[in-house]
Amino acid sequence: MIINSLKKILFFNLVFFSLNAFSNEVTQNNPKTKTQVQSFTTDLQTVVKAATKQKSFSVEFTQQTFSLLRNKVSESNGILSIKKPASFRFEVTKPRNELYVSNGKEFWKYVADLKHAQYLKNLSQEFGFVQVLTNLSQLQKYYHVSQWTDEEAKKLNQSANISPVESDTPPEKNNDFILLKLVPKGDKQQKVLYAIIQVKTGFIQELRIVQLNGNRIRLVFLNHSLKLLTDEVFQFTPPQGIVVDKL
């Protein structure tokens, strides 16, 4: 009982200090009024507290991918399952079946149509965004966090008519959601991420990922389902007769 109480105290102390760091970073990087900064920090605190209750969940997603080289947007759909602290299963169901799964220690990619699987000991950089989904209280460890404004869109002189996946312009302000700009620390692939998070529940509604090579990804999540997921969901055994690359 005493040990469990100490664990809870240590956990909430960690969240408290993380939120203080968030507040300081927001104040430095966004010269807003004190009231606006306080409002943003309060919403962020509410989001983090709500998100800590999500031990495991599944959610449907629509993914839009913009290729700078081809100047083309492609779309796919699937289901994402998360189990904290680091397990996930990202399963594309349309237009073809693709599976990306990790138990927190090893990472697999499997494309059934190609009869091919890849095994990595570490998480692929393209799935670094999963850190946003699994532990919001640890965001500052991986990202510089600030409020998402239209500053970047104006700097790039982006047209208002481009598709959302290509745009750095945030949606219209809505008190039900908090808008975050996340600049990775030390990431060699991602330039910036934008997140739209429901304040009351801590659920991420949308995530936009801008890569250093100019490619972009937009993930829209819907039908969140809080449910207990077993460890077996995040295990993968290659079917017989397929090619396996160990990288």
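The values are calculated or read from the model by the stated rules, or taken from the named source; none is laboratory data. Everything numeric here is computed off the predicted structure, so don't read it as measured data. Heads up, the Cβs are rebuilt from the backbone with ideal geometry, glycines too, and the neighbour counts pull from every protein chain shown. Ligands, DNA and RNA are excluded from the accessible area calculation, which covers all protein heavy atoms including side chains. Shrake-Rupley method; radii C 1.70, N 1.55, O 1.52, S 1.80 Å.
For residue 80, are the conditions met, namely being of a type outside the set (Val, Ile, Thr), at pLDDT 55 or above and closer than 25 Å to residue 127 by Cα?
When the stated conditions are applied, residue 80 passes them.
Taking residue 160 and the conditions (1) open to solvent by less than 50 Å² (accessible area, probe 1.4 Å); (2) without any contact (Cβ under 8 Å) to a residue 24 or more places away in the chain; (3) of a type in the set (Gly, Ala, Ser), which numbered condition does it fall short on, given that it satisfies the others?
Residue 160 satisfies every listed condition except (1).
Output the residues belonging to segment 195-247 that are among the charged types (D, E, K, R), surrounded by 17 or more Cβ atoms within 10 Å (Cβ to Cβ) and either touching a Ser or Thr at 6+ places or on another chain (Cβ under 9 Å) or closer than 18 Å to residue 99 by Cβ (or both).
Passing the criteria: 208, 216, 218.
Kindly evaluate residue 208 against the criterion of being touching a residue at least 24 places away in the same chain (Cβ under 8 Å), in contact with a Leu (Cβ under 7 Å, 6 or more places away or on another chain), at negative phi and basic (Lys, Arg).
yes
With respect to residue 117, determine if the residue is touching a Ser or Thr at 6+ places or on another chain (Cβ under 8 Å) and of a type in the set (A, V, I, L, M).
The answer is no for residue 117.
Output the residues belonging to segment 53-88 that are outside any strand (DSSP E or B) and surrounded by 16 or more Cβ atoms within 10 Å (Cβ to Cβ).
Within segment 53-88, 54, 84, 86 qualify.
Looking at 169, 149 in this structure, which one is part of a loop (DSSP other than H, G, I, E, B), of a type in the set (Ser, Thr, Tyr) and open to solvent by 50 Å² or more (accessible area, probe 1.4 Å)?
Answer to the check: 169.
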